[in-house]
């Protein structure tokens with residue numbers, strides 16, 4: 001018999017693996033531009049500013065590969081040189097519509 005703790009269930013629900021396929025470009029080894037604590041603080045603030053649903057939808061877009069490129073920011077803040085072998089998608093990706101039967 002399966003037994004899920006509240007923590008187990010929360011970790012399953014939080015995991016974007018169940019909703020999307022994460023862009024391969026985001027799985028490359030790299031030196032982080034900020035600490036995990038800095039990322040959490042910055043994004044907690046952004047969530048308050050944007051609202052949690054909008055923030056989560058944007059996070060899924062980013063994980064799908066809709067990221068800011070080096071060309072857009074001039075190679076700043078941990079972004080690599082402007083010449084990147086794989087151009088990144090910009091703009092909203094078409095979402096699959098679910099059919100209700």
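Annotations for the structure displayed:
- Of the helices (runs of 4 or more DSSP H) lying entirely inside the stretch 1-78, those containing at least 3 residues that are surrounded by 10 or more Cβ atoms within 10 Å (Cβ to Cβ), modelled with pLDDT of 90 or more and at negative phi are 6-14, 36-50, 52-63.
- Evaluating residue 93 against the criteria (1) at pLDDT below 95; (2) surrounded by 10 or more Cβ atoms within 10 Å (Cβ to Cβ); (3) part of a helix (DSSP H, G or I) leaves one unmet condition, (3).
- Considering only residues in the stretch 8-31 that are in contact with a helix residue (DSSP H, G or I) (Cβ under 8 Å, 6 or more places away or on another chain) and in contact (Cβ under 8 Å) with a residue 12 or more places away in the chain, the one that is farthest from residue 63 (Cα to Cα) turns out to be 19.
The values are calculated or read from the model by the stated rules, or taken from the named source; none is laboratory data. The shown structure was predicted, so the numbers you read here are calculated from the model rather than taken from an experiment. Note: ideal-geometry Cβ built from the backbone for every residue, glycine included; neighbour counts use all protein chains shown.
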